[in-house]
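K.L.:
Please see the structure below; I have some questions.
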Amino acid sequence: MACLSPSQVRKFQEDGFLVLEGFLSVAECAAMKERIGEIMAKMDVPLHCRTEFSTQEEEQLRAQGSADYFLTSGDKIRFFFEKGVFDKAGNFLVPPEKSINKIGHALHAHDSVFRRVTHSPKVQQPRCGGEVFPHQDASFLYTEPLGRVLGMWIALEDATLDNGCLWFIPGSHTSGVSRRMVRNPACSAPGTSFLGSEPAWENSLFVPTPVRRGALVLIHGEVVHKSEQNLSEHSRQSYTFHLMEALGTVWSPENWLQPTAELPFPPLYT
Ligand code: FE2
């Protein structure tokens, strides 16, 4: 990928996000979608692990933080689901391929197609789509100093107003982190808790960012963003991962995601 132009850098610094259309080719998007289809076809999730993914505080604490399935997913390929896709017994109410919110968190390590695209960045969160409540990525991927985490969000299909494109509050990356999700001491329940709280962001502040398939959206770690629930007939798959500037940066030991002996954060430059 060519370097950003000075005006693109300025735009990113002002807004906290930047759209780069045509980052991946149509063929590259198709290959990743095909691979996701293959992975989902082999999906076998034990009943007790059928966890619905959410970024709303209470639901997170209940559904994710307390679940080993989530906390130990950093170096594995695991599945997280949309709301309302299971009955009380954990059986699918919709076709399984339409139930996924996110596949995380180590496709980059275990799958050759995704490894090739991502060139081994440091922290990754592959995602299939779905509603995401307003948040800052640094709430979950906290560093000292701040400003060292960059989200890479790649549209594998056109992302529109109807199927859940990203929305941003431009310029919201300059006012620190409102809340943090931190690990609680081992063996305590729930497994995570929040420090601080997410402000009730005014809806009118958000600007939609529809993009064509293959587009890359750069996301500053502190910019407030969200995506709406996809109620359309069209899926909106994306591939998301995060990079961290490691030099002079402390990765918070309280973050839910920690490098493991099996899968340390891979360096981008070696
Ligand atoms: Fe995010």
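The numbers here are math on the coordinates, done by the rules we state, and not lab data. These numbers were taken from a predicted model, which means no experiment stands behind them. A quick note on method: Cβ atoms are made from the backbone with ideal geometry, for glycine too, and the neighbour counts reach across all protein chains shown.
K.L.:
Under 12 Å from the Cβ of LEU161, count the other residues' Cβ atoms, weight Lys and Arg +1, Asp and Glu -1, and hand me the total. Each step should come with its number before you reach the end.
P.N.:
Values: positive: ARG236; negative: ASP158, ASP162, GLU228.
Overall, the nearby charge balance is -2.
K.L.:
Could you list TRP167, TRP153, TRP201 so that the one with the fewest beta carbons within 10 Å of its beta carbon is first and the one with the most is last?
P.N.:
TRP201, TRP167, TRP153
K.L.:
Provide, as a two-decimal number, the C-alpha radius of gyration of the chain over 2.2 N^0.38 Å, N being how many residues it has.
P.N.:
That ratio works out to 0.95.
K.L.:
A follow-up question, please. Give me TYR69, TYR269, TYR239 ranked fewest to most by other Cβ atoms within 10 Å of their Cβ, as a rough exposure proxy. Please list the in-between numbers first.
P.N.:
On the way: TYR69 19, TYR269 6, TYR239 27.
Listed from fewest to most nearby Cβ atoms, that is TYR269, TYR69, TYR239.
K.L.:
Over its Cα atoms, what ratio of radius of gyration to 2.2 N^0.38 Å does the stretch 136-207 give? Each step should come with its number before you reach the end.
P.N.:
On the way: Rg = 15.3 Å, N = 72, 2.2 N^0.38 = 11.2 Å.
So the Cα radius of gyration is 1.37 times the expected 2.2 N^0.38 Å.
K.L.:
Can I ask one more? For the chain, modelled as a Gaussian network with Cα springs under 10 Å, which listed residue fluctuates most, ASN91, ASN230, ASN101?
P.N.:
Result for the chain, Cα springs under 10 Å: ASN91 fluctuates most.
K.L.:
With θ taken as phi - 60° and the coefficients 6.51, -1.76 and 1.60, list the Karplus ³J(HN,Hα) couplings across the stretch 100-112 in order, rounded to whole Hz; mark glycine and proline as x.
P.N.:
Each residue of the stretch 100-112 in turn: 7, 8, 7, 10, x, 10, 9, 4, 4, 8, 10, 10, 5 Hz.
K.L.:
Express the Stokes-Einstein translational diffusion coefficient of the stretch 165-270 in µm² s⁻¹, to the nearest whole number, given a Kirkwood radius over alpha-carbon pairs, 20 °C and a viscosity of 1.002 mPa s. Provide the component values of the computation, followed by the final result.
P.N.:
Working: Rh = 17.1 Å.
Taking Rh from Cα pairs, D becomes 126 µm²/s.
K.L.:
So what J values fall out for the stretch 252-266 if you push phi through Karplus, 6.51 cos²θ - 1.76 cosθ + 1.60 with θ = phi - 60°, rounded to Hz, Gly and Pro as x?
P.N.:
So the Karplus estimates, Gly and Pro as x, are 4, x, 8, 4, 4, 8, 10, x, 10, 4, 6, 9, x, 4, x Hz.
K.L.:
Mind listing the phi-derived Karplus ³J(HN,Hα) values for the stretch 25-32, rounded to whole Hz, using 6.51, -1.76 and 1.60 with θ = phi - 60°, and x for any glycine or proline?
P.N.:
Those phi angles translate into 7, 4, 5, 5, 4, 5, 5, 5 Hz.
K.L.:
Would you calculate a helix-derived [θ] at 222 nm for the chain, using -39,500 (n - 2.57) for each DSSP H run of n ≥ 4 and dividing by the full residue count, to the nearest 500?
P.N.:
Working: 5 runs with 41 residues, N = 270.
Result for the chain: -4000 deg cm²/dmol, rounded to the nearest 500.
K.L.:
In whole percent, what relative contact order does the stretch 6-251 give with Cα contacts below 8 Å and a gap of six or more residues? Intermediate values should be presented prior to the final figure.
P.N.:
Details: 521 pairs, mean separation 72.2, N = 246.
29 percent.
K.L.:
Just want the ordering: PHE194, PHE79, from fewest to most Cβ atoms lying within 10 Å of their own Cβ. Walk me through the numbers before you get to the answer.
P.N.:
Working: PHE194 17, PHE79 23.
Fewest-to-most Cβ neighbours within 10 Å comes out as PHE194, PHE79.
K.L.:
Under a Cβ-only charge scheme (Lys and Arg +1, Asp and Glu -1), can you give me the dipole magnitude of the chain about the Cα centre, in debye to the nearest 20? Walk me through the numbers on the way to the answer.
P.N.:
On the way: 25 positive and 31 negative charges, 88 e Å.
So the dipole magnitude of the chain works out to roughly 420 debye.
K.L.:
Here is a further query. With respect to the cross-link table entries LYS83/LYS226; LYS11/LYS76; LYS33/LYS83; LYS33/LYS88; LYS11/LYS33, which display a Cα-Cα separation exceeding 27 Å?
P.N.:
Values: LYS83/LYS226 17 Å; LYS11/LYS76 35 Å; LYS33/LYS83 22 Å; LYS33/LYS88 30 Å; LYS11/LYS33 30 Å.
In this structure, LYS11/LYS76; LYS33/LYS88; LYS11/LYS33 exceed 27 Å between Cα atoms.
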